[in-house]
Each structure stands twice: as structure tokens, then as C-alpha cells.
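Visitor: One structure, as C-alpha cells, below. Some questions next.
The values are calculated or read from the model by the stated rules, or taken from the named source; none is laboratory data. Values in this document were obtained by computation on a predicted structure and should not be read as measured data. Neighbour counts run over all protein chains shown; Cβ positions are idealised from the backbone, glycine included. To get the accessible areas, we keep the full protein, side chains included, count just its heavy atoms, and leave off ligands, DNA and RNA. Shrake-Rupley method; radii C 1.70, N 1.55, O 1.52, S 1.80 Å.
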Amino acid sequence: MIKVVVVDDSAFMRKAISTMLQKDPEIEVAAVARNGMEGLDMVRKHDPDVVTLDIEMPVMDGLTALKHIMMEMPRPVIMVSSLTTEGGEATLKAMEYGAVDFIPKQLSKVSLDIVKIEQELQSKVKTVVRNKGRLAGKARKSKPRVAREVSRIIQAKPKGKVIRDIVAVGVSTGGPPAVQKVLCELPRDFPASILIAQHMPGAFTGPFAKRLNEASFLSVKEAEDHDQLKPGWVYVAPGGKHLSLNPGTSRIELTVSTKPEEAIYKPSANVLLSSAANGLGHRTIGVILTGMGSDGLLGAKDLKAKRGLVLAQSEETCVVYGMPRAVIEEGLADQVVNIDDMAQAITNLLYQVSV
């Protein structure tokens, strides 16, 4: 039985989260708490497998409680986040401190999405428990550093001609710290454009792009319709929309759209990688990082069919080994790479090395 402690200052949220979790026969809510201080007491008392943690609370807020949990008794923590810009900024900070994922705070008894949120919450709890040992180790590490603090920024680039100039990244659970780590190790003169489909709500992708822009030497922005690709720039797909490439005769423009409407994830790694494959496959490196599910698998197939290359993050360095596993098990990954080596692997593949 998976034990969970639910920490939230809202009686409704405590009840809603507890009810949703306990509908799964594998999950038990061991205790609830009204603030971070009570939450720490409940975690010490019940030693849960997972904690759900609100951010804004009296007495002790969620970020402070999270720091204490990760210092004293590391374990998977899922944040309960309001879907606002401020909520996004706080959630990204929580993931730097060691939280593994988040769920939306806007729950309603009459919401048509309540069943979907219920299934997602149950799935997230069970998934992070399966990865508990790996996550606890990660939680003890310091938060991701910014580029000027990183000693391993790539200095020696391969000699030869740049033959690939597009990097398309698909990523989900555990993604923000992983993406920040990779970008912070790339140099100012990185000769390719990077496009990122990170599963994230619309209010979060703007703060995510801003955080990456401040942390790395590259120029990072939330993608807009008709943006023109430029080397050394990173384009983050807006939450709730898809990002795709629209190559012209002399330039490549980005398309930001809600279509295809039927896609499970918005943004979708499949949509991004498949669009890169069409007409630009041989110039593209697809990168599949940590995340639940198999988004990116179909796009990787399309990319490989058009002579693109695919990198997948290694199991031992993923928060959740779902998306990379799907690509690797289908035999689509040209290389399986630890997250510590991903920036160098990407850089190496951009060049046709002179012999």
C-alpha cells in the first residue's frame, strides 16, 4: 500500500485530494495537515511514500516545508499549484528544491475534468513511488546552477562543418531541472536552434522560458507564431498549444497552434518532432528527456525515417523513465545518454567531423 500525506490549508482541497487518491485501492492517505509545520510533523510520524504539498499556506509555506523535507527526510513531493504566472514561478522554484511534479489547484466538484485530474493524480503518485530510490538521491543534490556557475560549459567543439542546426526536445515529469542543466552547459556561440515541448500549463511556460533565459548563455523565449529560427536561440512551446516548424525557401518560421486538437498533450513532443522531420529531418536532432508516457515516440519514428538523429536520456538519470524508454525500446535512439553528458552529445552531433 502506498502511503500519502496531504498538506493543504484548504479543507476542500484536503478532502478532494484525499478522496481522489483513496479511490485507488493501492493508495492510502495516512494523514492530512493544514500547513507546512503540521505537514512536517505528519511526515515524521507516518513516514509516507509521497507528500502532496500546497505552496501558499499560513504558519509555514510549502517551499519552506519542502526544503525541510529534502534536507531531513527526502522523498517524492508533488506540489499543488495554482495555474497562474505566480503559481508557475513558485512551482518551478519548488522543482529546483527537489519536488518531482505538480497537480493543478483549480479543482471543482462540478468540473468536467475532475475524472481526468483524478486519474492523473493517482498515476503520478504510483509512478514517483516506483522511482522513489532514484528521486531520493536526486533530492539531496543542490538546485540547478546557472551558466556562470557551471564549470563544464562546452569549450572544445568538434572541428568540421555544421550539418545539423535544429534540436527538438520532448520532455515531461522532472523536465525543468533537466532542461536547465543541459542549456546551462551550452556556450554562447551554440550554432543551432533549440525547440522545447515541455508538458506544462499555459501560465507556467512563460516563467519557465524566463528562468532558462536568466540561467543560461543562450537567448530563451516562449515561442510565438511566425517566430523565425535563429542559431543560439531557444523556443519554448506555450502550454496548451503545439509548436511546429514551417520551413520556407530562405527561412524557417514557427507555427504555434492548438491543432491538432485531439493530441493528448499540449504541447506535444510528437507534433514538434514530426514537423521537424518534414523537410528538415536530416538537419534535426530529436532529444527525448525524462517524462511519463510515450509522447515523442511517433515523432521519433518520423524523424528517423527522414534521416534525423535521436538522443534519449538514460534510465538512471531520469526522474521518470517513460518517454525515453518508449523510444529506446523501439530501437529509435542513436545514443542513450546520461543527463550530465547530454549537452556534449548534442553538440558533437551538430558537426560533420573532419577526418
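Visitor: Can you tell me which residue within the stretch 159-172, out of those that are out of contact with any Ser or Thr (no Cβ under 6 Å at 6 or more places or on another chain) and not in a strand (DSSP E or B), is farthest from residue 282 (Cα to Cα)?
Guide: 172
Quick grid of which residues meet (1) in contact (Cβ under 8 Å) with a residue 60 or more places away in the chain; (2) buried (at least 18 other Cβ atoms within 10 Å of the Cβ); (3) not in a helix (DSSP H, G or I):
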{"site": "157", "(1), (2), (3)": "yes, no, yes"}
{"site": "176", "(1), (2), (3)": "yes, yes, no"}
{"site": "186", "(1), (2), (3)": "yes, yes, yes"}
{"site": "189", "(1), (2), (3)": "no, no, yes"}
{"site": "195", "(1), (2), (3)": "yes, yes, yes"}
{"site": "203", "(1), (2), (3)": "yes, yes, no"}
{"site": "208", "(1), (2), (3)": "yes, yes, no"}
{"site": "211", "(1), (2), (3)": "yes, yes, no"}
{"site": "221", "(1), (2), (3)": "no, no, yes"}
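Visitor: Which residue pairs have Cβ atoms closer than 7 Å, lie 6 or more positions apart in sequence or on different chains, and pair a first residue in the stretch 231-246 that is in contact (Cβ under 8 Å) with a residue 60 or more places away in the chain and closer than 21 Å to residue 262 by Cβ with a second residue that is open to solvent by 10 Å² or more (accessible area, probe 1.4 Å) and among the β-branched types (Val, Ile, Thr)?
Guide: Close Cβ pairs satisfying both conditions: 245/252.
Visitor: For the stretch 321-339, what are the residues that are assigned to a helix (DSSP H, G or I) and either open to solvent by 70 Å² or more (accessible area, probe 1.4 Å) or within 18 Å of residue 165 (Cβ to Cβ) (or both)?
Guide: Once the filter is applied, which keeps residues that are assigned to a helix (DSSP H, G or I) and either open to solvent by 70 Å² or more (accessible area, probe 1.4 Å) or within 18 Å of residue 165 (Cβ to Cβ) (or both), the stretch 321-339 yields 325, 329.
Visitor: Just checking, which of 274, 294, 250 is under 27 Å from residue 79 (Cβ atoms) and either open to solvent by 10 Å² or more (accessible area, probe 1.4 Å) or assigned to a helix (DSSP H, G or I) (or both)?
Guide: Step by step, each of 274, 294, 250 is checked, and only 294 is under 27 Å from residue 79 (Cβ atoms) and either open to solvent by 10 Å² or more (accessible area, probe 1.4 Å) or assigned to a helix (DSSP H, G or I) (or both).
Visitor: Exactly one of (1) surrounded by fewer than 19 Cβ atoms within 10 Å (Cβ to Cβ); (2) among the aliphatic types (A, V, I, L, M); (3) assigned to a helix (DSSP H, G or I); (4) at pLDDT 95 or above is unmet by residue 136. Its number?
Guide: For residue 136, the failing item is (4).
Visitor: Continuing with the same structure: Does the stretch 75-96 contain any residue that is in contact (Cβ under 8 Å) with a residue 12 or more places away in the chain, of a type outside the set (Lys, Arg), over 21 Å from residue 317 (Cα atoms) and in contact with a Leu (Cβ under 6 Å, 6 or more places away or on another chain)?
Guide: yes
Visitor: Go through (1) modelled with pLDDT under 95; (2) open to solvent by less than 10 Å² (accessible area, probe 1.4 Å); (3) part of a strand (DSSP E or B) and name the single condition residue 280 misses.
Guide: It is condition (3) that residue 280 fails.
Visitor: Let me ask something else. Assess whether residue 65 counts as being out of contact with any Lys or Arg (no Cβ under 7 Å at 6 or more places or on another chain), open to solvent by less than 20 Å² (accessible area, probe 1.4 Å) and over 20 Å from residue 89 (Cβ atoms).
Guide: No, not satisfied.
Visitor: Quick check on residue 19: is it outside any strand (DSSP E or B), surrounded by fewer than 20 Cβ atoms within 10 Å (Cβ to Cβ), at pLDDT 95 or above and out of contact with any strand residue (DSSP E or B) (no Cβ under 8 Å at 6 or more places or on another chain)?
Guide: No: the conditions fail for residue 19.
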